[in-house]
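A.B. asks: First the structure, which I've put down as structure tokens, then a few questions once you've had a look.
Every read-out reported here was derived from the displayed coordinates using simple, explicitly stated rules and does not represent laboratory data. As the structure is a prediction and not an experimental result, all values here were calculated from the model. FYI the Cβ positions are ideal-geometry reconstructions off the backbone, even for glycines, and counts take in every protein chain you see.
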Amino acid sequence: MLHYAIVFFVIALIAALFGFGGIAASAVGIGQILFLVFIVLAIATFLFGLVRKG
């Protein structure tokens, strides 16, 4: 999931470089959502791992 977030940020940078503002904004939005989902899942996995060991 983090890989896809980084890919969308790279797409946004390339689109912004060529002047496609709308596409860049959309790609940044998608990248941010994917990054937030990654963070939530990473924290949930960490917490469930702690509960299982304890």
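A.B. asks: From the C-alpha gyration tensor of the chain, pull out the three semi-axes of the equivalent ellipsoid (sqrt of 5λ each), sorted largest to smallest, in whole Å.
C.D. replies: Output for the chain: semi-axes of 33, 8, 5 Å.
A.B. asks: Which value at 222 nm does the chain reach when only helices count, each DSSP H run of 4 or more adding -39,500 (n - 2.57), with the total divided by all residues and rounded to the nearest 500 deg cm²/dmol?
C.D. replies: That comes out to -32000 deg cm²/dmol.
A.B. asks: With everything on Cα atoms, drop me the angle between helix 21-53 and the longest principal axis of the chain, reported from 0 to 90° to the nearest 10.
C.D. replies: 10
A.B. asks: Take the chain, connect every pair of alpha-carbon atoms lying under 10 Å apart with a spring to form a Gaussian network, then pick out the residue of Ala27, Ala44, Ala16 with the largest mean-square fluctuation.
C.D. replies: Judging by the Gaussian network model, the answer is Ala44.
A.B. asks: Ok, one more. Do any chymotrypsin sites (Phe, Trp or Tyr not before Pro) in the chain lie in a loop, going by DSSP, with at most 12 other beta-carbon atoms within 10 Å of their beta carbon, and if so which?
C.D. replies: Listed in order of number, the matching sites are Phe18.
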